[in-house]
Amino acid sequence: MGGPCIKGPSTEPLARDFLPGIGQAEGPEDSSRGVDQAKDSVEEPFDPGLGKHVKRRTGLLAVVTALGMAGTLAGCGTSAGATGDVTLKLIAADYGDSAANSSKVYWGDLVKEFEADHPGIDVDVDVYSWNVVDAKVKELVEDGKAPDLAQIGAYADYAADDALYRAGDVLSIATQADFLPQLSRAGQVDMVQYGMPFVSSTRLLFYNKTLFKKAGLTPPQSWSQLQSAAEALKAQGVEYPYALPLGPEEAQAETMMWLLSGGDGYTDQVGGYNLDSEQNIETFTWLKEHLVDNGLTGPVAPGKLNRAEAFAAFTRGEVGMLNGHPTLMGMARSTGVEFGVVTMPGNGGKSKATMGVADWMMAFKQNEHREQIRDFLDFVYNDDNVLKFAREYNLLPVTSSASDLMRQNKADSALVPFLEQLTTSELYPVGKTSWAEVSADIKKQIGKAVGSAGPTAVLGQLQRDAVAAERARE
């Protein structure tokens, strides 16, 4: 058998929004972050994208965006089983920011080990930048050349087109049952799981310890405390007392965190869009009147401030508070910023839920390699491989067993606060085929809700557009 075929990332200029890391797309052409970013059709999670994630990038974007790399490893060039009975084709996203930590390295090691124990199966992996990976898979599917597997940001459109295996068809019972329940639910379309979570992330409130100490502050646990802290930071000359990135890069993430902290979210209890609910309007009214109008969100209008710019400002010591995912920890440490993290404050106390982000694995039916896919995915999701990937990119595991091991390992202590939030997190409504369009609309419009247009008008129009997008896909 030949060596594993792992190709480097493409450099085509398309954008995606993802998890942060967690790269994170929201539709086949969409992005959010990696785990920590979101996306939309040719343009787009995060969560990052829990990147995720993340689509994402400049500054933070760079953390998840892959650099173009040339060359193909030895062993590439066959799509049929020249050295084995079956060759599986996998398209994967790159979570690295250099050749040294490219996801190409991870997949190369994993495939080499898998093939050694499975002589009848070869695995051919192409690794692409988050900028282009969703569009690449879409192109292959439309050309009738679907890969066997894709590790990208969104699955719902492919599931709706009946192009995917159900998760239960390509996973052992033990592997499928090990997924964290909320991630399994987020992978469902019409109560059937098609999207298999690959990596996840959550968001917490970061604060600059040095600035807080200088102002005599403790971390806020409610909106009123957050406002008081921002006022004290402003009095100390802090440029961004609270950074509110509602710019087009990843506004859907900041928006969701605030909606959850206000007790609601993007959808109601039965899954319908609920953007202009009374609670959501009250949340954005508070943001506008208590933070934005009082000059507590910095010199750049929230609708023009992107997440990457806010993260970069935090690493320069110019931000008192902002919402962030685990990748920001490494960025802040690299510049010597001392920081702490706490649960996102809520209206009257701690937020009842935080935002989670996931990027997805999906299996296409076209090549009819169900049995071989199952063997490979059961290997991909063993604890060692799940933890290796999560630790490499400061992301979170998607299985209960790997999560337990992370909690027990002192070396993972910095990630545990984010991990603890995952069990009560809420994810983007990625099971909706309309979400990519709705997310893109939110990114373009939501900044106006804290400006002169106001929350009622902006959220009302977003709701009408969301309902129309949903009906168009019925």
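Listed by Cβ neighbour count within 10 Å, with the fewest neighbours leading, ASP383, ASP97 appear as ASP383, ASP97. Once the chain from ASP378 to LYS213 is taken as fully extended at 0.36 nm per residue, the excess over their C-alpha distance is 54.6 nm.
Shown for region 204-353 is the translational diffusion coefficient from the Stokes-Einstein equation, using the Kirkwood radius over Cα pairs, a temperature of 37 °C and a viscosity of 0.692 mPa s: 214 µm²/s. Note on ALA100 and GLN408: the model spin-label points, each 7 Å out from Cα along the C-beta direction, lie 3.2 nm apart.
For the pairs LYS104/LYS136; LYS112/LYS365; LYS388/LYS410, note any where the Cα-Cα span goes beyond 21 Å. Violating the 21 Å limit, Cα to Cα: LYS112/LYS365. Annotation: average projected area of region 297-343 is 3.4 square nanometres, based on the convex hull of Cα atoms across all directions. Length gained on full extension, GLU239 to GLN366: 40.3 nm, using 0.36 nm per residue less the C-alpha separation.
Partners of LYS443 within straight-line reach, counting lysines whose Cα lies under 21 Å from its Cα and excluding those fewer than 8 residues away in the same chain: LYS39, LYS52, LYS55, LYS288, LYS304, LYS432. Diffusion of region 85-161 by Stokes-Einstein, at 25 °C in a medium of 0.890 mPa s and with Rh set to the Kirkwood radius over alpha-carbon pairs, works out to 183 µm²/s.
Our estimate of slack between ALA468 and ARG166, defined as 0.36 nm per intervening residue step minus the Cα-Cα distance, is 105.9 nm. What the phi angles of region 410-425 give under the Karplus curve with 6.51, -1.76 and 1.60, with θ = phi - 60°, is a coupling list of 4, 5, 9, 4, 5, 8, 4, x, 6, 5, 5, 6, 5, 5, 10, 7 Hz, glycine and proline written as x. Counting every C-alpha pair in region 332-474, the share spaced more than 24 angstrom apart comes to 57%. For LYS214, the lysines whose Cα comes closer than 26 Å to its Cα, not counting residues fewer than 8 places off in the same chain, are LYS234, LYS350. Given R0 = 30 Å, the distance between the Cβ atoms of GLU282 and LYS444 translates into a calculated FRET efficiency of 0.85.
Here is the P(r) of region 335-388: all C-alpha pair distances, binned every 10 Å from 0, give 15, 25, 24, 19, 15, 2 in whole percents.
All of the numbers you see were taken from the coordinates with simple rules; none came from a lab. Only a predicted model underlies this, so the values are computations on that prediction, with no experimental measurement involved. Glycine also receives a Cβ, built like all others from the backbone with ideal geometry; neighbour counts cover every protein chain displayed.
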